[in-house]
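To start, the structure under review is shown below, and the notes come after it.
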Amino acid sequence: MNLKIKHFVAFITIISFVSCNQAPQELSKINANQINVDSTFASDEAIQNFITPYQNRVNEVLDSTLTYAPFTLTKTDGELNTSAGNLMADVILSEANPIFKSRTNKNIDFSLVNHGGVRSIISKGNVSARNAYEIMPFENSIVVVELTPESVLEMVDFLIRSKRAHPISGMQIIVDKNNELHTLNIQGKPFSKAQNYYVATSNYLVKGGDNMGFFKNKISVTDTDYLIRTAMIDYFKKVDTLKVKVDDRFYQLK
C-alpha cells in the first residue's frame, strides 16, 4: 500500500513538473548591435567568388542595349507634359491595352501616372533594361479602372489645379489663360458625359497615392498583373529609337 502511494506521489510530481515546463514563455528583452558597413569592412572571399558569376550575368542582362534615345529624356523639360513622363504614359497605354482587351474585349481610353513616379532621366544614347529599373524602381503594376464621366472630370480638375506635369496619354487637356478647362479630348474625340471611361494607371494611385482621391468612386478595377517596369522593358525591345517629345497633350493657351 505504501509502495502504491509512493508511486502515485512520484507520478503527480512528474506531471506537475512537465506542466510547469510547458507554461507559455514570453520575450522579455531584445539586444541589438549596429554593424557599420564601410570601406573598412572586408568581404568574404569565398562568398564573393560564389556570387561573382551571377552578378556578372545580371549586369550583362541589365546593360544590354535595347533601344536608343536621340536626346536626354527628363521630367523637367516641359511645363504640363514632359518627355520622360510622356514616354511612361505612352508605354503603359500601348503595352497594357492588348492584355486588357483580351480579358474584357474593351479598349483602354487613356493612361495616367504621377509626376513623382518618374524617378530618373534617360540619358541620350543606348537605352537598356537598367534604365527601366532606374526610371521605375518600384514594384508598381498596371491596373485599369473604370470611371464615370463625373470622376473623369474630377480627375481633370485635379490635374489642372495641381499645376504639375502628371503624365497622361490618350487624352488632351487644354486650359485657358485663367487656368480653366477649355478643351477635353479622349482618343481624339470630345469628352462625353454619356459614357464611362477606362484609365490605365498604377496600383499605387488607385489606393489613393499622391492624393488622387477621384479613384475612390471607381466602377471596376482590372489588375493586369503587369509591372510598369516590365512594360517599359518590353516596349524598349520593340523600337529601335525612342520617338517621344513634349507635345500638346496638356497645355495652356497663351
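Quick check on Ala89: is it under 27 Å from Ser64 (Cα atoms) and either surrounded by fewer than 18 Cβ atoms within 10 Å (Cβ to Cβ) or touching a Lys or Arg at 6+ places or on another chain (Cβ under 6 Å) (or both)? Break it down into steps so the answer makes sense when it comes.
Numbers: under 27 Å from Ser64 (Cα atoms): yes; either surrounded by fewer than 18 Cβ atoms within 10 Å (Cβ to Cβ) or touching a Lys or Arg at 6+ places or on another chain (Cβ under 6 Å) (or both): no.
No; evaluated as a whole, the condition is false for this residue.
Quick check on this structure: which one of Asp234, Asp240 is part of a loop (DSSP other than H, G, I, E, B) and either surrounded by fewer than 16 Cβ atoms within 10 Å (Cβ to Cβ) or at pLDDT 95 or above (or both)?
Numbers: Asp234 fails: part of a loop (DSSP other than H, G, I, E, B).
That would be Asp240, the only listed residue that is part of a loop (DSSP other than H, G, I, E, B) and either surrounded by fewer than 16 Cβ atoms within 10 Å (Cβ to Cβ) or at pLDDT 95 or above (or both).
Determine, yes or no, whether Ser141 is touching a Leu at 6+ places or on another chain (Cβ under 7 Å) and hydroxyl-bearing (Ser, Thr, Tyr).
Values: touching a Leu at 6+ places or on another chain (Cβ under 7 Å): yes; hydroxyl-bearing (Ser, Thr, Tyr): yes.
So Ser141 passes the test.
Does segment 71-79 include one or more residues that are exposed (fewer than 10 other Cβ atoms within 10 Å of the Cβ), of a type outside the set (S, T, N, Q), at pLDDT 75 or above and under 30 Å from Ile135 (Cβ atoms)?
Scanning segment 71-79 turns up no residue that is exposed (fewer than 10 other Cβ atoms within 10 Å of the Cβ), of a type outside the set (S, T, N, Q), at pLDDT 75 or above and under 30 Å from Ile135 (Cβ atoms).
Can you tell me which residue is modelled with the highest pLDDT among those in segment 127-174 that are closer than 20 Å to Leu227 by Cα and of a type in the set (Phe, Trp, Tyr)?
Looking at residues that are closer than 20 Å to Leu227 by Cα and of a type in the set (Phe, Trp, Tyr), I get Tyr133.
Does Lys216 satisfy the condition of being within 21 Å of Gly116 (Cα to Cα) and under 15 Å from the mean Cα position of the chain (by Cα)? Give the derivation first.
Numbers: within 21 Å of Gly116 (Cα to Cα): yes; under 15 Å from the mean Cα position of the chain (by Cα): no.
For Lys216, the condition - within 21 Å of Gly116 (Cα to Cα) and under 15 Å from the mean Cα position of the chain (by Cα) - is not met.
Collect the residues in segment 133-152 that are more than 12 Å from the chain's Cα centre (by Cα) and of a type outside the set (Asp, Glu), keeping them in residue-number order.
Those that are more than 12 Å from the chain's Cα centre (by Cα) and of a type outside the set (Asp, Glu): Val144, Val145, Leu147, Thr148, Pro149, Ser151, Val152.
The values are calculated or read from the model by the stated rules, or taken from the named source; none is laboratory data. On a predicted model such as this, the values are computed, not experimentally measured, just so you know. Don't worry about glycine lacking a Cβ; one is built from the backbone with ideal geometry, like all the others, and counts go over all protein chains shown.
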